[in-house]
Structures are given as C-alpha cells and as structure tokens.
1. Based on this model, can you work out whether residue 310 counts as at pLDDT below 95 and out of contact with any strand residue (DSSP E or B) (no Cβ under 9 Å at 6 or more places or on another chain)?
2. What about residue 208, is it free of Cβ contacts under 8 Å to residues at least 40 places away in the same chain, in the same structural domain as residue 142 (by TED's automatic domain parsing) and over 28 Å from the mean Cα position of the chain (by Cα)?
3. Out of (1) touching a helix residue (DSSP H, G or I) at 6+ places or on another chain (Cβ under 8 Å); (2) free of Cβ contacts under 8 Å to residues at least 60 places away in the same chain, what's the single condition that is false for residue 254?
4. Among 361, 322, which is surrounded by fewer than 22 Cβ atoms within 10 Å (Cβ to Cβ), closer than 17 Å to residue 379 by Cβ and in contact (Cβ under 8 Å) with a residue 60 or more places away in the chain?
5. Check every one of the helices (runs of 4 or more DSSP H) wholly within region 123-195 and list those with 1 or more residues that are without any contact (Cβ under 8 Å) to a residue 40 or more places away in the chain, at negative phi and surrounded by fewer than 22 Cβ atoms within 10 Å (Cβ to Cβ).
6. Restricting attention to region 75-85, does a residue exist that is touching a residue at least 40 places away in the same chain (Cβ under 8 Å) and loosely packed, with under 14 Cβ neighbours inside 10 Å?
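The values are calculated or read from the model by the stated rules, or taken from the named source; none is laboratory data. These numbers come from a predicted model, not from an experiment. All Cβ positions, glycine included, derive from the backbone under ideal geometry; neighbour counts span all protein chains shown.
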C-alpha cells in the first residue's frame, strides 16, 4: 500500500521532468539554408551569404519565382552575421539542411581554422556538409548562380562533384569532417574542392537567362585546393588532381588518352585499385605506390589492328606509362611545388612504422620533400568494343583488297 502511494506521488514529478520538445521551432519561423558563402570584406569582418529556400517556388504550384533567395550580412564572426540576418527576414536561418559551405579564395588563404569553429560546435550543422573554395569569384556570387537541370544551386554543385568524382576522377568531394581530420593530422594536410564561375555573374542570378539555350553562366568543378595548417597554398592542375585520387584509391572511372600508331586512343578506366606502402631503407622512409587498372578501349583513332596481341600489349604499356606520369605529377606537386604532404604519406608511415614515425612526426614537413617515391602500375584491357579496327584502317584494307583483285 505504501509503495503504491509513493508511485502515485512520483508520477506528477516524473511528468514535470519530461519536458518534451523543449527546443522545437515552428516551420514558418525558420529560413532553411542550403548553402552559405563566406567572404572577407575587411580585416575585421566577414560577409556571410545564406542561400534560403523559397518553398513557394519549389512546390508543384510554382509561381515562377526564384527557387532560392540570397540574404547577406556582415559580422565579426559568422554567427553574428547569421543572427543579424533577422533584421532583413522574419525567420531565423536554420542550418540543419545546410549542404554546402563556400569560402572565398581570400578567406581560405588567411585560414579556415577560426571560420569553421561555428560549424564544428553547432549541433545543427551536419558533419557531411560539403566544403568548396571559390577560385575566381566571391563566395556570395558562387551560391547565387541559378543552375540548369536542378532547382537549388547548392544541390547542383554537390551533385556535380559526386558525378564528376565517379566518372572523371580529377574531382574530390570534401566534407566538413574530412577537412577537420586532415587539419589536425600530422601525417596528411587537407584538400578541398575548387570551383570556378564561367560566364557573366550578373546574368547567372536572373531567371531570364534560362530563356537562352547557350551562354548561360555556370559553376565548373575543375580543380582541388591544397591546404597547409588550414591555410590555402594553391591549386592542383587536372592531371595532378587525378593523380591524387589514384594515390588515395578514389578513382572509380575516368578516361585516359594514350598515344598509338599515327594517332591517339582513349582508354576508359572501369576499375582501379591502389595501395600505398612504406618501408624504412637505411633509416630513411620510402613510399611504394602500386596501381592496378582495368579498362576498355573507348575510342581508337590510329592505325592499329586490335586483333593483334602486340597492339593490345602496346596500349597496355602506354596506359601504364600514362598512369605513372599522372601520379608522378602529383608527387612532384606535393614535394617540390608546395612542400605539403596532402597525399597522406605521413599517415601511411605512421601505420606501418609507428615507432620511427614518433621520431619524425614533429619534423615531417622537412623530411617529406626528400622522401623517395616508387610508382608501379599495371593496366589490363578487358574489351575493345564492337569494332576491332578504326574506320580509317578498315577503308585502307578494303582499298588494298580491291587493288589486289
């Protein structure tokens, strides 16, 4: 009886302790941000641009308005600028659906360690948010360009990154947690996707632009940005970017151009496997990169008879040389151009020889440019397509046959 009485008395107290959705917010009080742009306007202030979804324009009953609108404010910190946006719009900027953060080249060169502190601390921001660098335009301009084929500009950029990474290879998608892991690691410096604006920026934010079929401004994903101590130091070229993805075992598919008899051919990579190992040779670290590639002949614009085994072996050899060249260009960029270990050789050494690594980690920046790197690749051609010879070669054979008759 006493126990039952105590339970009855405790029930109201337990109800008070369960506060329910204490931090709930009504949907009509939130401005859902899909992208943020961060620029530097002077030495003390940031210009923060928020790409806010316009739900009336995205729904089935669209009224023809822009699917997003851009809100800009200044602040000494990012959060100050975001809160100051409530003086323009009757909604609080909501970051739980944030898909992308765009930093200007200037902001990235001054350093991202302080800028991203908000995104690391705020529980609303997801760790898989993409990060990109606006290479030739302000971040506010990058997020304001209305895309083709997609309604929301942020969706267009990260879908382009994903598609390009899967089919082209010189692109890498970098999320917030990827950058943080690279920034705090002693064995690998971070990289971020670099984007470029193509066309006139004033035309890219107008819906009238889409009445044209050509000449529409767009965002291109051409490069990878290299960082050292969370500061931007430069950009990789297309070949160097592809080589980085080979080293990191990120290549899913790409196209390689190979020389052949009186012309060129295109090899479609359909599978690539890369391993990186380290060895201590006479007290000094050396890196061994092994790559295995399988591919198909996508185009053949030279005088080669693919039914001949020697022709296939020749193309496989040219493929091997091309992959070695691409990877070597990345190694040269890391060791000679920037002197920054963005390829992760330090992490590999840490995993393989942790005792030796503990002696080198504090001076790895000086050791890294002198590390000897060995590159070995193998290429296997699986298919040659439905034609064995190019049209030009077949016409020559037919002509020779007619002369013999």
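1. Judged against the criteria, residue 310 is a match.
2. Taking the combined requirement at face value, the residue satisfies it.
3. Here residue 254 meets the rest and fails (2).
4. Within the list 361, 322, the selection yields 322.
5. 153-167, 176-184
6. no
Matching residues to (1) part of a loop (DSSP other than H, G, I, E, B); (2) modelled with pLDDT of 95 or more:
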residue	(1), (2)
15	no, no
25	yes, no
64	yes, no
102	no, yes
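Matching residues to (1) in contact with a strand residue (DSSP E or B) (Cβ under 7 Å, 6 or more places away or on another chain); (2) surrounded by fewer than 20 Cβ atoms within 10 Å (Cβ to Cβ):
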position	(1), (2)
198	yes, yes
233	yes, yes
241	yes, no
252	no, yes
284	no, yes
